[in-house]
Protein chains: 2
Amino acid sequence: MAEKAVRAGVVLRPHFKTHQSVAIGEEFRTFGVSAIAVSNLDMAEAFAAAGWRDITIAFPVNQLQVDRIDGLAAGIDLHLLVEDSQTVRLLEARLESPVGIWIKIDTGSGRTGLTSDDPRAVCALAGTIAASKQLRFEGLLTHAGHTYKGGTPEEIKGIYQASVQAMRGVRDVLEGAGLAGALISVGDTPGCSLVEDLRGVDEIRPGNFVFYDATQWRLGSCAQEDIALAVACPVVARHPERNELVVHGGAVHLSLSHLPDERGAPMYGFLASKAEKGWGPIIDGALVRSLSQEHGVIRARPELVKETAVGAVVTVIPVHSCLTVNLMREYRTLEGERIPCYPVH
Amino acid sequence: MAEKAVRAGVVLRPHFKTHQSVAIGEEFRTFGVSAIAVSNLDMAEAFAAAGWRDITIAFPVNQLQVDRIDGLAAGIDLHLLVEDSQTVRLLEARLESPVGIWIKIDTGSGRTGLTSDDPRAVCALAGTIAASKQLRFEGLLTHAGHTYKGGTPEEIKGIYQASVQAMRGVRDVLEGAGLAGALISVGDTPGCSLVEDLRGVDEIRPGNFVFYDATQWRLGSCAQEDIALAVACPVVARHPERNELVVHGGAVHLSLSHLPDERGAPMYGFLASKAEKGWGPIIDGALVRSLSQEHGVIRARPELVKETAVGAVVTVIPVHSCLTVNLMREYRTLEGERIPCYPVH
């Protein structure tokens, strides 16, 4: 991802909400990364304490945190996300330290942001920001989360490109209105993974690609062997009569993120085969079919159920690595090193 | 629940996996509770350290933890759950301290346990346990989780009663085989909440009833005003054109537990109205329609969206209080007191 960003001349500002770990954050520095995105103020404070000096909180400003935001902005280059003028006025009235401001644009995901279909509303808000003393208008930011609904890699690339085009369209209108120099920040892992040529924007903010997961593999964003995170689950019961194993690995470990199985029913993770170190390929027909708080029920081929003893450990590839990490709160590397992740929301 | 248990002459052994809190655990003592259930060894150790001396780990033994189990059993009256003879033999070979052993019975939930339809298999396992020196065979334990699929309170009561009958049937077969005195432990919150007369078993283990939640309210296990847990979520964006609010309250706060909305689509929590202290009734037509890692999207009536400002705080009643507590890890009482919950899985 870092090489691709360099090739395109765009800034890679990885989203650290996926790993939430200072140690893993340090690995990014070796790839030339010095700017990061996070999804809340606690995380921003934690990474600032770990020496990161250029942080975007890529989540609309929580007005109740304005004093803490001001405190953090005194020490680092802090960038905030807004989408309404009331919040802009509050920041202007209450912040003493300068901050960079991005406008959140919705290019079709439908979650939040000002729609790219109404550039004049964006112009109005950008004008309010630009007129402020402490607030520095920096640009337009989007998360094209609808790439996750792309059925094929080609479709995902099409959604990504359409999103970039929409962002450039809004920027052109801003320029026409005398607001030149707005940067464009995009960044979803499927789009950034699949699109080869990332030119046309100023910054990308993928996060999940640090580990990938079953969702990304299904989408075609990564190969199986790119998945760098799994949960080791002890087998606590066997039910050969229905081809099932029960593991200690439930909703409090894997999260309830799910994908459709071959019949459209929800499934919560794949089983990976054993390997001398780590794990091997995903096992055909072996998946987590249901979760309760601590139980995971695995459906597998009769041979696998037969040969797996109670007390064995199986490897589950999670559906959504970000939520799994948030629940597990500690990594163990294949070398046995334990790495904490921040208990911050 | 405590009064109902006393009336029926059954032991109330509340499941502490819901609240995971020493302080809330203490409240149970004032109702005469001295025995508890937990769902993993970490939790058992934490509550043992807080002075609880009679603990059932109501989850099949994880063989990899046998040494820690032995350590804990040296200090308290520890009860374990098994469902296979291999685990029984391992416990017998490795434990030095005595433990109580319960056999996990599946009365129809289909998650795990020996089926109540095959009492002879239960007899065989009970015989193996009874023949052991350190292991004390105590009885039969079930979680009739299929009550959660009951469409009406009458159906739930029927499932509960059928489950109790099945357990008594297995006990009768044990008695016939010379294994007299087996106790019966049951305990799901819907069944224990709705059934008035709890006679016929020895112990109940409901957990969720400490707070209840949207799921229990939908099932009819509780009234709205019995729900004692909500998440305060700051509003960070408004979309009046589509009757939506965006809050800082996502999958890492509420969990992805969901219920069907009126059209069968998943929904992740209800909005409650304001009250002078705490919150008031659930607002008609206001619910969490989608979650991402930190965003919650709320769909509500136009008037509510219109009158709710960015920066306001809304109250979300979670779908599943156990998973929400596990994610939030700290309570704030209506008096402003902060209560930690164990960061244990």
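The one condition from (1) part of a loop (DSSP other than H, G, I, E, B); (2) more than 15 Å from B:His239 (Cα to Cα) that A:Gly108 does not meet is (2). Considering only residues in the range B:189-216 that are in a helix (DSSP H, G or I) and among the hydrophobic types (A, V, I, L, M, F, W, C), the one that is nearest to B:Thr142 (Cα to Cα) turns out to be B:Cys192. In the condition set (1) in contact with a Pro (Cβ under 7 Å, 6 or more places away or on another chain); (2) under 28 Å from B:Ala73 (Cβ atoms); (3) polar (S, T, N, Q), B:Gln86 is compliant with all but (1). Residue count for the range A:285-295, restricted to those that are closer than 15 Å to B:Ser255 by Cβ and more than 8 Å from chain B (Cβ to nearest Cβ): 1.
When the range A:99-145 is limited to residues that are without any contact (Cβ under 8 Å) to a residue 12 or more places away in the chain and hydrophobic (A, V, I, L, M, F, W, C), the one that is farthest from A:Leu179 (Cα to Cα) turns out to be A:Ala121. Here is the figure for the range B:146-165: residues that are in contact (Cβ under 8 Å) with a residue 40 or more places away in the chain and not in a loop (DSSP other than H, G, I, E, B) total 7.
Within the set B:Leu304, B:Leu245, the sole residue that is crowded, with 20+ Cβ neighbours inside 10 Å, at pLDDT 95 or above, aliphatic (A, V, I, L, M) and over 27 Å from the mean Cα position of the chain (by Cα) turns out to be B:Leu245.
With the checklist (1) free of Cβ contacts under 8 Å to residues at least 24 places away in the same chain; (2) closer than 22 Å to B:Asp202 by Cα; (3) surrounded by fewer than 17 Cβ atoms within 10 Å (Cβ to Cβ) in hand, flag the one item B:Phe59 doesn't pass. The single condition B:Phe59 does not satisfy is (3).
What are the residues in the range A:243-257 that are at the interface with chain B (Cβ under 10 Å from one of its Cβ atoms), touching a strand residue (DSSP E or B) at 6+ places or on another chain (Cβ under 8 Å) and not in a loop (DSSP other than H, G, I, E, B), if any? Of everything in the range A:243-257, those that are at the interface with chain B (Cβ under 10 Å from one of its Cβ atoms), touching a strand residue (DSSP E or B) at 6+ places or on another chain (Cβ under 8 Å) and not in a loop (DSSP other than H, G, I, E, B) turn out to be A:Glu244, A:Leu245, A:Val246, A:Val247, A:His248, A:Ala251, A:His253. Every condition in (1) of a type outside the set (Ser, Thr, Tyr); (2) surrounded by fewer than 17 Cβ atoms within 10 Å (Cβ to Cβ); (3) part of a loop (DSSP other than H, G, I, E, B) is met by B:Ile339 except one, and the failing one is (3).
Taken as a whole, the condition of being touching a strand residue (DSSP E or B) at 6+ places or on another chain (Cβ under 7 Å), without any contact (Cβ under 8 Å) to a residue 24 or more places away in the chain and not aromatic (Phe, Trp, Tyr) does not apply to B:Val11.
Within the range B:266-278, being exposed (fewer than 14 other Cβ atoms within 10 Å of the Cβ) and either within 25 Å of the chain's Cα centre (by Cα) or within 14 Å of another protein chain (Cβ to nearest Cβ) (or both) holds for one residue alone: B:Gly278. One residue alone among A:Pro281, A:Pro260, A:Pro240 is on the phi < 0 side of the Ramachandran plot, surrounded by fewer than 18 Cβ atoms within 10 Å (Cβ to Cβ), within 26 Å of the chain's Cα centre (by Cα) and within 14 Å of another protein chain (Cβ to nearest Cβ), and that residue is A:Pro260.
Residue-by-condition table, conditions (1) modelled with pLDDT under 95; (2) surrounded by 23 or more Cβ atoms within 10 Å (Cβ to Cβ); (3) assigned to a helix (DSSP H, G or I); (4) more than 11 Å from every other protein chain (Cβ to nearest Cβ):
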{"site": "A:Gly25", "(1), (2), (3), (4)": "no, no, yes, yes"}
{"site": "A:Ser34", "(1), (2), (3), (4)": "no, no, no, yes"}
{"site": "A:Ala37", "(1), (2), (3), (4)": "no, yes, no, yes"}
{"site": "A:Ala48", "(1), (2), (3), (4)": "no, no, yes, yes"}
{"site": "A:Gly51", "(1), (2), (3), (4)": "no, no, no, yes"}
{"site": "A:Asp67", "(1), (2), (3), (4)": "no, no, yes, yes"}
{"site": "A:Leu72", "(1), (2), (3), (4)": "no, no, yes, yes"}
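Please find, within the range A:313-336, the residue that is nearest to the chain's Cα centre (by Cα) out of those that are within 24 Å of A:Arg299 (Cα to Cα) and assigned to a loop (DSSP other than H, G, I, E, B). Looking at the filtered set, the residue picked out is A:His320. The set of residues from the range A:115-145 being surrounded by 21 or more Cβ atoms within 10 Å (Cβ to Cβ), touching a helix residue (DSSP H, G or I) at 6+ places or on another chain (Cβ under 7 Å), not in a loop (DSSP other than H, G, I, E, B) and not hydrophobic (A, V, I, L, M, F, W, C) comprises A:Pro119, A:Thr142. Take A:Thr112 and tell me if it is of a type outside the set (Lys, Arg), more than 14 Å from every other protein chain (Cβ to nearest Cβ) and crowded, with 18+ Cβ neighbours inside 10 Å. Against the criterion (of a type outside the set (Lys, Arg), more than 14 Å from every other protein chain (Cβ to nearest Cβ) and crowded, with 18+ Cβ neighbours inside 10 Å), A:Thr112 does not qualify. Note on the range B:53-62: residues that are closer than 19 Å to B:Leu12 by Cβ and not in a loop (DSSP other than H, G, I, E, B) total 5. Just one residue in the set B:Ala93, B:Ala144, B:Ala126 is at negative phi and more than 14 Å from chain A (Cβ to nearest Cβ); that residue is B:Ala126.
Annotation: B:Thr333 fulfils all but one of (1) polar (S, T, N, Q); (2) under 23 Å from A:Ser109 (Cα atoms); (3) more than 14 Å from every other protein chain (Cβ to nearest Cβ); the unmet one is (2).
Residues of the range B:198-207 that are of a type outside the set (Val, Ile, Thr) and over 11 Å from B:Met1 (Cα atoms): B:Arg199, B:Gly200, B:Asp202, B:Glu203.
The single condition among (1) crowded, with 19+ Cβ neighbours inside 10 Å; (2) more than 14 Å from every other protein chain (Cβ to nearest Cβ) that A:His320 does not satisfy is (2). Scanning the range A:266-285 turns up no residue that is touching a Phe, Trp or Tyr at 6+ places or on another chain (Cβ under 7 Å), assigned to a loop (DSSP other than H, G, I, E, B) and of a type in the set (A, V, I, L, M, F, W, C).
Taken over the range B:295-345, residues that are free of Cβ contacts under 8 Å to residues at least 60 places away in the same chain and either within 30 Å of A:Ser85 (Cβ to Cβ) or in contact with a Cys (Cβ under 9 Å, 6 or more places away or on another chain) (or both) amount to 11. Looking at the range B:217-237, which of its residues are part of a strand (DSSP E or B) and more than 9 Å from chain A (Cβ to nearest Cβ)? Once the filter is applied, which keeps residues that are part of a strand (DSSP E or B) and more than 9 Å from chain A (Cβ to nearest Cβ), the range B:217-237 yields B:Val231, B:Ala232, B:Cys233.
The values are calculated or read from the model by the stated rules, or taken from the named source; none is laboratory data. Here the structure is a predicted model, which means the values were calculated and not measured. Note that we place each Cβ from the backbone using ideal geometry, even for glycine, and neighbour counts take in every protein chain shown.
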